[in-house]
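The values are calculated or read from the model by the stated rules, or taken from the named source; none is laboratory data. These figures come from a predicted structure and were not determined experimentally. Here Cβ is always computed from backbone atoms with ideal geometry, including for glycine, and neighbour counts include all displayed protein chains.
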Amino acid sequence: MGNLDVALKCAHAGLHVFPVTPDKRKKPTVRGNWREYSTNDPATIGKWWSIRANHLVAIDLGKSDLLILDGDLHPNADGEVLNDGVDGIRELFRANGDNARRNPGVWTPTGGIHVYIVATGFGNAEGDLPDGINGRGNGGYSVAPGCVLPDGRGYKPVDGMPDLFEAFKNRSIPTMPPWLARIIKPERPPVPVIVTPGQGGRRELAYAKSVLRGVVTDLASMRPGTGRNHALNASAYRVGRFAARGWIDRSEVETELFNACIANRLVADEGARAAQKTIRSGLTAGFQQPAADLKD
């Protein structure tokens, strides 16, 4: 089954999708904001994959009212597995009197796991999840089961767990349990931010997009020992000032910066939690200092 077949299977089930590059970055390749253009229209999907046959199928989690728990494996130099998110997810459910095997699950090419949950109002965050596990929801995306990378590795359904397509179509995916909602969205005092009303026209939107592309490209190419975390914080702050003006969507910034951290291996070296914390810190600071109007 090719990636086009996977995309059409998603559409038939009602999932909204869009193409992403078949590399570590998994960068969206639709023009404009992928959240706006993701679709379950077979005709549009056919056109996309007619010119992007090897591109992966990304599920728009927000439009599909889904959240995934992403459990990663992080082997160290000695081959020992650190932050074992796969076992961590099992233990997390078991400790709360639940069973993750009631939910659709997908093995990733690197040995990690995606566990799907029906949820609305949850973004990309880890809250108080254990190390090695993060949540992706509204503003995030996941690669669909059945997709195959150019090297032959793929995203495979977990035996003994429900099929994502059938479960989504039949509306049988379990909804967010209260215990998990409390962990991902713990009740904490909100951080006050200063937001200037959006005054962004085409010029401001284009400028913010251009800056985001530039910082993401620079971050993705950084190597260990070159100040990746500091650069990440500075980048989040810089683009966060534009998000405060409504020139760019905050969730898009979070997703793009996090993907850059996957590409430069900061996530592998320091963990998803640390990278997301740095992104949030930079964005929060940026929202406190909204960008000035562009000069004529």
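Does I194 satisfy the condition of being on the phi < 0 side of the Ramachandran plot and modelled with pLDDT of 90 or more? Spelling it out, it is not the case that I194 is on the phi < 0 side of the Ramachandran plot and modelled with pLDDT of 90 or more. Among what's in the range 121-130 and is in a loop (DSSP other than H, G, I, E, B) and at pLDDT below 85, pick the residue that is farthest from T278 (Cα to Cα). Of everything passing the filter in the range 121-130, G121 is farthest from T278 (Cα to Cα).
Assigned by TED's automatic domain parsing to the domain that holds L15, modelled with pLDDT of 95 or more and on the phi < 0 side of the Ramachandran plot: is that true of P162 in this structure? Against the criterion (assigned by TED's automatic domain parsing to the domain that holds L15, modelled with pLDDT of 95 or more and on the phi < 0 side of the Ramachandran plot), P162 qualifies. Note on the range 11-34: residues that are at pLDDT below 90, touching a Pro at 6+ places or on another chain (Cβ under 9 Å) and among the charged types (D, E, K, R) amount to 0.
Any residue at all in the range 16-27 that is in contact with a Gly (Cβ under 9 Å, 6 or more places away or on another chain) and part of a helix (DSSP H, G or I)?
no
Scanning the range 94-114 for residues that are part of a loop (DSSP other than H, G, I, E, B) and buried (at least 18 other Cβ atoms within 10 Å of the Cβ) turns up N103, P104, T108, G112. When the range 246-273 is filtered for residues that are surrounded by fewer than 20 Cβ atoms within 10 Å (Cβ to Cβ), in a helix (DSSP H, G or I) and of a type in the set (D, E), the ones remaining, listed by number, are E252, D269, E270.
Among the residues of the range 218-231, none qualifies, meaning not one is crowded, with 23+ Cβ neighbours inside 10 Å and out of contact with any Leu (no Cβ under 6 Å at 6 or more places or on another chain).
Of all the residues in the range 274-292, those that are surrounded by fewer than 20 Cβ atoms within 10 Å (Cβ to Cβ) and either among the aliphatic types (A, V, I, L, M) or touching a strand residue (DSSP E or B) at 6+ places or on another chain (Cβ under 9 Å) (or both) number 4. When we screen E91, E36 for residues that are within 23 Å of E254 (Cβ to Cβ) and either in the same structural domain as S142 (by TED's automatic domain parsing) or in a strand (DSSP E or B) (or both), the only hit is E36. Inspection of the range 67-86 identifies no residue that is surrounded by fewer than 19 Cβ atoms within 10 Å (Cβ to Cβ) and modelled with pLDDT of 90 or more.
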